[in-house]
């Protein structure tokens, strides 16, 4: 039992490490567009059909200037959780928040979970954490087909044409994806991250 407790603490420490520099609140408020005409936003992924061992942004629903960006997982067995930073241009996009209600981590009715989306101390970054909390009791998820981990919502602050770098969404180099096997042994997986771009006309 002490070994399992130690493994559990180690996994949580690793998966939450990226949130240390985060501020305590999520984004919110006005989209700051300031114009009389609201642009219509859409998201285009860099990798529309993700391969195995990939965490990719894919298009979700959109509503006027607001667009949902799905953070998806494809082809990762024994998936336990992930922490990463999403980067964006705050002069062009506004982060409204995160929805975890349809997360693949909820499979099997698991409720011992941790989801968090905080603005980083670095302007234009959101720190995302999505993980189960005890691999010994909650187990892991074998992710085959592309499934949603969380969904992020952004609003366009202004018109963003297709060639405008202000619409780019990506991942910075600070990320960790944990996979756990039985008996409880957790390691960082080698995963490809893929972003995309928002346009608003």
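What follows draws every value from the coordinates through simple rules; no lab data is involved. Computed from a prediction, not measured in an experiment: that's the story for all the values here. Using ideal geometry, Cβ is built from the backbone for each residue, glycine included, and neighbour counts are taken over all protein chains shown.
Where the centroid of each part is defined by its Cα atoms, how far is the range 33-92 from the range 125-201 in Å? For the range 33-92 versus the range 125-201, the Cα centre distance is 9 Å. Taking the simple approach of a point 7 Å from Cα along Cα-to-Cβ for both residue 52 and residue 164, what is their distance in nm? Roughly 4.0 nm, to one decimal. The label-point distance for residue 187 and residue 77, in a model that sets each label 7 Å from Cα toward Cβ, rounds to 1.3 nm.
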